[in-house]
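This report concerns only the one structure given below.
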Amino acid sequence: SKFVLLSATSATTALTRRPIGYVRNDPIALQTARACIRETMAVAVARGVSLPEDLEATAMHKLCEEMAADAKASQFVDLEHGRPLELEHLSGAIHRMGLEAGVPTPVHTTVYAALRPFMHGDAGSVKLSDETP
């Protein structure tokens, strides 16, 4: 159950480069967090994990009401400081498990793709680059 919220907050704070307060106050970022929660739950269920019926509502309540507005997931903090990311264990894992289970995970897959360039850390990781692949 904790992983459901962690995967959503890690994905959205790192992707937006903003703390939880931004995520919960921006309708698009909040929609993205909810989609992350739903995708993670769908993958878990497909893999035979029994989840509480109210897990989505509970996770959204924690994100919107209980977490500090200035809270940042550790993946975002690592990104800010150019440290290696936990990406393979979060959105990357959900992406792979979704593929294995035949469950679409478009949001986590997008987060995984967007953050992969910074996965191993980079002192200038949050600076824009004009480099092309």
Shape category assigned to the chain from the gyration tensor of Cα positions, a/c cut at 1.5:
oblate
Give the angle, between 0 and 90 degrees and rounded to the nearest 10, that separates the Cα long axis of helix 106-115 from the longest principal axis of the Cα atoms of the chain.
20 degrees
The Kirkwood hydrodynamic radius of region 5-52, taken as the inverse of the mean 1/r over all distinct Cα pairs, in Å, comes to 11.1 Å
Pulled fully out, how much extra length does the chain show between Arg116 and Val45, if you take 0.36 nm times their separation in residues and subtract their Cα-Cα distance?
22.9 nm
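Values quoted throughout were computed directly from the atomic coordinates according to the rules given, and no laboratory measurement underlies them. If you're wondering where the values come from, they're calculated on a predicted model, not measured in any experiment.
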